[in-house]
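The values are calculated or read from the model by the stated rules, or taken from the named source; none is laboratory data. Quick caveat: nothing in here was measured; it's all calculated off a predicted structure. When we count neighbours, we look across all protein chains shown, and the Cβ atoms used for this are built from the backbone with ideal geometry, even at glycine. These area figures cover heavy atoms from the full protein model, side chains too; ligands, DNA and RNA do not enter into them. Shrake-Rupley method; radii C 1.70, N 1.55, O 1.52, S 1.80 Å.
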Amino acid sequence: MSVVRGSHVRSSRLWVVAVATALTLAACSDSPDEEPAPSPSSPSATATSSPTATPTTESPTTPAPEALPPLAELVVSPGRVGPAAAGMTRDEALATGLFEADAPVRGEDCGRVAPLAWKPDYASSLDVLAQEDGTIVSLGVRGEQPRTADGLGVGSTLRQVSGVHETAELTEAGYGQTGVLVTDGDRWLGYLFDADPESVGPNDEVVLVEVTQGTKPDLMRDGC
């Protein structure tokens with residue numbers, strides 16, 4: 001009986017040792033090559049949870065071009081149409097913002113390039129004659145706007161023009177037409193009527209206004 005009891009005790013102890021050994025192996029079963037999961041405060045965890053934002057660069061905005069004054073605001077007077085004046089150099093004319101340089105002559109088929117031209121917004125009502133270097137010789141008004149401070153312009157009658165300019169000079173101009181010329185020093189303002197001096201009447205209307213400096217307006221406009 002003592003042999004059997006002793007054997008039983010050794011068997012129980014071996015079982016306890018085996019269980020303890022298994023628990024120890026289980027606790028150490030993780031591979032030493034595997035890294036522990038990063039804690040929330042570790043650098044790798046921070047990089048994963050908070051990606052770096054890419055800074056954005058705003059594209060520069062292009063300033064809007066300055067609006068051109070409407071035709072009605074360009075007052076006509078001897079030698080001038082608004083800020084533009086006969087005798088101005090090309091640089092002075094371009095500085096007004098109303099002109100462009102080396103522009104094709106509009107309405108002509110000859111392919112001529114003018115040293116100076118009104119901007120397209122004005123081209124249907126205004127024209128400019130300039131020397132080769134761009135110096136302004138003459139400014140013409142062919143539309144109903146702009147007008148003088150007295151409201152005279154294309155469409156005004158001879159009676160209206162004579163009522164404002166009582167001492168103006170009436171002369172032959174253009175191609176057998178009539179001109180009424182007004183002067184202020186060496187600056188001139190001319191009104192053209194589509195009738196010769198012998199037949200022009202109080203109800204005839206202005207068809208062209210021209211301003212010059214130094215020389216009288218000839219009130220003529222030719223193509224190519």
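Calculate one ³J(HN,Hα) per residue across the range 118-129 by plugging θ = phi - 60° into the Karplus curve 6.51 cos²θ - 1.76 cosθ + 1.60, and present them in order as whole Hz with x for glycine and proline.
5, 5, x, 4, 10, 4, 6, 10, 10, 9, 9, 10
Between the range 85-154 and the range 171-215, what's the alpha-carbon centroid distance in Å?
Here the answer is 19 Å between Cα centres.
So what are the ³J(HN,Hα) numbers for the range 169-180, from phi and the Karplus equation (6.51, -1.76, 1.60; θ = phi - 60°), rounded to whole Hz, Gly and Pro as x?
Those phi angles translate into 8, 9, 8, 6, 8, x, 9, x, 10, 10, x, 10 Hz.
Ignoring any ligand, DNA or RNA, what whole percent of the accessible area of the range 70-144 comes from carbon and sulfur when the probe is 1.4 angstrom? Could the numbers behind the result be given before it?
Numbers: 1790 of 3620 Å².
With neighbouring chains kept in place, the figure for the range 70-144 is 49 percent.
Run through the range 155-224 and list the GluC sites (Glu not before Pro) located in a DSSP loop whose Cβ has at most 10 other Cβ atoms within 10 Å.
On the way: sites: Glu166, Glu169, Glu172, Glu198, Glu205, Glu210; in loops: Glu166, Glu198.
The qualifying sites are Glu166, Glu198.
So who's got an amide H within less than 5 Å of the one on Phe99, skipping anything under 5 residues away but keeping other chains? H placed 1.01 Å off N, in plane.
The answer is Lys119.
Tell me the Kirkwood hydrodynamic radius of the range 115-166 in angstroms, computed as one over the mean inverse distance between distinct C-alpha pairs.
Numbers: mean 1/r = 0.0800 Å⁻¹.
Its Kirkwood hydrodynamic radius stands at 12.5 Å.
Kindly identify the range 148-214 as rounded, prolate or oblate by the Cα gyration tensor criterion: order the square roots of the eigenvalues as a ≥ b ≥ c, call it rounded if a/c is under 1.5, otherwise compare a/b with b/c, prolate if a/b is larger, else oblate.
Details: a/c = 1.66, a/b = 1.25, b/c = 1.33.
Oblate is the answer for the range 148-214, as a/c is 1.5 or above yet b/c matches or exceeds a/b.
Highest mean first, how do 180-191, 211-222 rank when packing is the count of other Cβ atoms within 10 Å averaged over residues?
On the way: 180-191: 19.4, 211-222: 17.2.
Descending packing order for the listed peptides: 180-191, 211-222.
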